[in-house]
Amino acid sequence: MKKVKLGDVKPALDGLADSLNVEGLKNELERLNFMQEAPGFWDDPDKSQKIVVKTKQTMSKIEKYEKMVASWDDLMT
């Protein structure tokens, strides 16, 4: 019975993924990481700091969503 109710949560998780644009966030994170590897990135402290903050925020959003999905998967098994 409880597994059925947990199964009902999956569409909400999928909707959250769409709302957060998780795939877009992953692409953005890849782009931000690539920018940090570029020569001269650290030469402009203001710009580099903004990108580092954006990277951390993006990573945090992805990690929180993935943690929810992992918790749901654990509960389903």
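Throughout, read-outs are computed from the coordinates displayed, never taken from laboratory work. As the structure is a computational prediction, the values presented were derived from the model and not from experiment. Glycine gets a Cβ as well: all are built from the backbone with ideal geometry, and neighbour counts include every protein chain shown.
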If you line up the long axis of helix 45-76 against the longest principal axis of the chain, both from Cα atoms, how many degrees apart are they, to the nearest 10? 10
Ranking Thr55, Ala38, Pro11 by how far each Cα lies towards the positive end of the charge dipole of the chain (+1 on Lys and Arg Cβ, -1 on Asp and Glu Cβ), the top one is Pro11
222 nm mean residue ellipticity, helices alone, for the chain (DSSP H n ≥ 4; -39,500 (n - 2.57); rounded to 500): -28000 deg cm²/dmol
What's the percent breakdown of Cα-Cα distances in the chain across 10 Å bins, shortest bin first? 17, 37, 23, 15, 7, 1
Using the Cα centre as the reference, give the magnitude of the dipole from point charges on the C-beta atoms of the chain (Lys, Arg: +1; Asp, Glu: -1; all else neutral), rounded to the nearest 20 debye. 380
